[in-house]
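Below: one structure, written as structure tokens.
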Amino acid sequence: MQRYFVSAEQFEGRDSVRLTEDDAFHAVRVMRMKEGEKFIVSDGASRVALAAVEEASAAEVRARIVEELPMESEPAWSVTIAQSLPKGDKMELVIQKGTEIGAYRFAPFQSERMIVQYDGKKEAKRLERWGKIAKEAAEQAHRCIVPQVEAVRSWRELTDSISDFDLALFCYEREGDGAKGKGVKDALLEWKRSCGGELPDSPKLLLIVGPEGGFTEAEAKGAEAAGAIVVGLGKRILRTETAGIVGLTCLLYEAGEMGGA
């Protein structure tokens, strides 16, 4: 069933909701919705409901709330993917697929071997584009929230934020060389032991992924000094747009989101 994310203001009390602008156009012109047809609507934070169309035009769709629905599709672990800015449209792929899998937030940042030239003047337009991709992917995946895409950070700003998380993993290809280093599962076992077997409620995790050229040794040491655990993702070298997706999947599997717990 089609799902739309709307602002809280578009819910009119407990009984009705409005779709406007692009969502209304999509519902009427693309999905061909007519009176009586149902869809799912969410405010992206605390409410999900089943709604039925009462009036429909390409400018606005008015619908009545049929039933309040439980927010069941979000992972118990909130994973933020910190992605060093890749070239081209690779960040769009990371956001799209990461949202589908279950990422909670995306934190793009600048690193030493980053290939793309960061242009702050284009940031607002780029963030708008990334936010739209996250919204569309969240609708497709039937998420209850739309993952936030944060403004681009500096390397220092990223490492300063590590202490805000219950666990931070720094993905480093040298740690995975020959599969002899510490992997994601090893790091999670250590973390669970350090918590005495009792993990925090709704733990916050940070997954740090490097650029096409990889991280420098200095960056690895800096991240570790800031509290991150350096891990490998196997003995194969992954593309930057693949690493975050693989790491996120590993984490959510270990969290039991895919039947792994």
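The values are calculated or read from the model by the stated rules, or taken from the named source; none is laboratory data. Predicted model, so just to flag it, every value in this text is computed and none were measured. Ideal geometry is used to build each Cβ from the backbone, glycine not excepted, and the neighbour counts take in all protein chains shown.
Of the candidates Arg29, Arg47, the single residue that is at pLDDT below 95 and surrounded by fewer than 14 Cβ atoms within 10 Å (Cβ to Cβ) is Arg29. Is there a residue being of a type in the set (Val, Ile, Thr) and in a loop (DSSP other than H, G, I, E, B) anywhere in segment 116-134? Yes - at least one qualifying residue is present in segment 116-134. When Gly256 is tested against (1) free of Cβ contacts under 8 Å to residues at least 24 places away in the same chain; (2) more than 16 Å from Ser111 (Cα to Cα), just one condition goes unmet, and that condition is (1).
Listed here are the strands (runs of 3 or more DSSP E) enclosed by segment 14-90 that have at least 3 residues being more than 30 Å from Leu188 (Cβ to Cβ) and aliphatic (A, V, I, L, M): 48-56, 60-69. Does Glu67 count as at pLDDT below 95, charged (D, E, K, R) and either closer than 17 Å to Ser16 by Cα or in contact with a Pro (Cβ under 9 Å, 6 or more places away or on another chain) (or both)? Yes; evaluated as a whole, the condition is true for this residue. Identify, by number, the condition in (1) in a loop (DSSP other than H, G, I, E, B); (2) assigned by TED's automatic domain parsing to the domain that holds Glu198; (3) farther than 24 Å from Gly247 by Cβ that His142 doesn't meet. The one condition His142 does not meet is (3).
In segment 99-157, the residue that is surrounded by the most Cβ atoms within 10 Å (Cβ to Cβ) out of those that are among the polar types (S, T, N, Q) and touching a Phe, Trp or Tyr at 6+ places or on another chain (Cβ under 8 Å) is Ser111.
Here is the figure for segment 223-245: residues that are surrounded by fewer than 18 Cβ atoms within 10 Å (Cβ to Cβ), part of a helix (DSSP H, G or I) and of a type outside the set (D, E, K, R) total 2.
Cβ-Cβ distances below 9 Å connect the following pairs, each with a first residue in segment 222-248 that is at positive phi, a second residue that is of a type in the set (A, V, I, L, M, F, W, C), and a separation of six or more residues or different chains: Gly227/Ile162; Gly227/Phe165; Gly227/Ala168; Gly234/Ala179; Gly234/Val246.
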